[in-house]
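Here the structure is laid out as structure tokens; the discussion comes afterwards.
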Amino acid sequence: MARNPERRTALLDAAIQVLADEGARGLTFRAVDARAGVPTGTSSNYFRDRDQVLSEVAARIFERLTPEPGVIEAAMLPTPSRALVLDLMRQIAQRLAAERICYLGLFELRLEAVRRPELRTQLTKVLRGDLEANIQGHLEAGMPGDADTVRLLYFALTGLLFDHFTVPDMHSERDLDDLIETVVTRIVPEA
């Protein structure tokens, strides 16, 4: 297996693009090589099989979606309140919109995980860990609401962004920020 970390990352980023554009069925070594602009056979030098590509793509997506160090700490400086939760939810939506390809790739991975138990196990672990970290951070910061408040926000934002990225005209009369404000107002209690 080849050991060039920059090339491996470029191949994973190309695989994310393939997932988002062509779906999991379109994710082949040849498609990844073409998207990355490398000679045919390059990705097979980096990944033993398609399952490894899917597994590493999942990790790469979360790496790309994770905010830079210090961003979360800076965002949490204001006093805990519903308004702060709204601001944080909008920041999350903006970050995910900026990485739209990653988020669409993640949706494809979720669908593929239905058919691949190992991928489902890995994805469940990562998603559960992320949700638990969000719950813990919310509670430790003294934000209004409880663990179920965070779960409901997660469900709402996931569904809202799924619609926003896949059928953008579904809520055409409503701005994404306005919808997020409605979600937060209805779910998060006043502090």
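Any read-out appearing in this document is the output of simple, stated calculations on the displayed coordinates, not a laboratory observation. Because the structure is predicted, anything quoted here is derived from the model rather than measured. Cβ sites come from the backbone with ideal geometry, for glycine too, and all protein chains shown count toward neighbours.
Per residue of the chain, the DSSP helices (runs of n ≥ 4 H) give a summed -39500 (n - 2.57) that works out to -23500 deg cm²/dmol at 222 nm.
Available extension along the chain between MET76 and ASP163 is 28.5 nm, counting 0.36 nm per residue and deducting the alpha carbon span. Measure nothing but the geometry: give the 0 to 90° angle between the long axis through the Cα atoms of 100-113 and the longest principal axis through the Cα atoms of the chain, rounded to 10°. The helix 100-113 is inclined about 70 degrees to the chain.
According to the square roots a ≥ b ≥ c of the eigenvalues of the Cα gyration tensor, what is the shape class of segment 87-191, taking rounded for a/c under 1.5, prolate for a/b larger than b/c otherwise, and oblate for the remainder? Don't jump to the answer; show the numbers that get you there.
On the way: a/c = 2.23, a/b = 1.16, b/c = 1.93.
It is oblate, given that a/c is not under 1.5 and a/b is not larger than b/c.
Going by alpha carbons, how many degrees (0 to 90, nearest 10) lie between the helix axis of 82-98 and the longest principal axis of the chain? Tilt relative to the chain: about 20 degrees. The residue among THR182, PRO39, VAL53 whose Cα reaches farthest toward the positive pole of the charge dipole of the chain, with charges on the beta-carbon of Lys, Arg, Asp and Glu, is PRO39. The overall shape of segment 88-147 is oblate: from the C-alpha gyration tensor, with semi-axes ordered a ≥ b ≥ c, the ratio a/c is 1.5 or greater and a/b is no larger than b/c. Over what distance in Å are the Cα centres of segment 102-125 and segment 142-191 separated? Cα centroid of segment 102-125 versus Cα centroid of segment 142-191: 22 Å apart.
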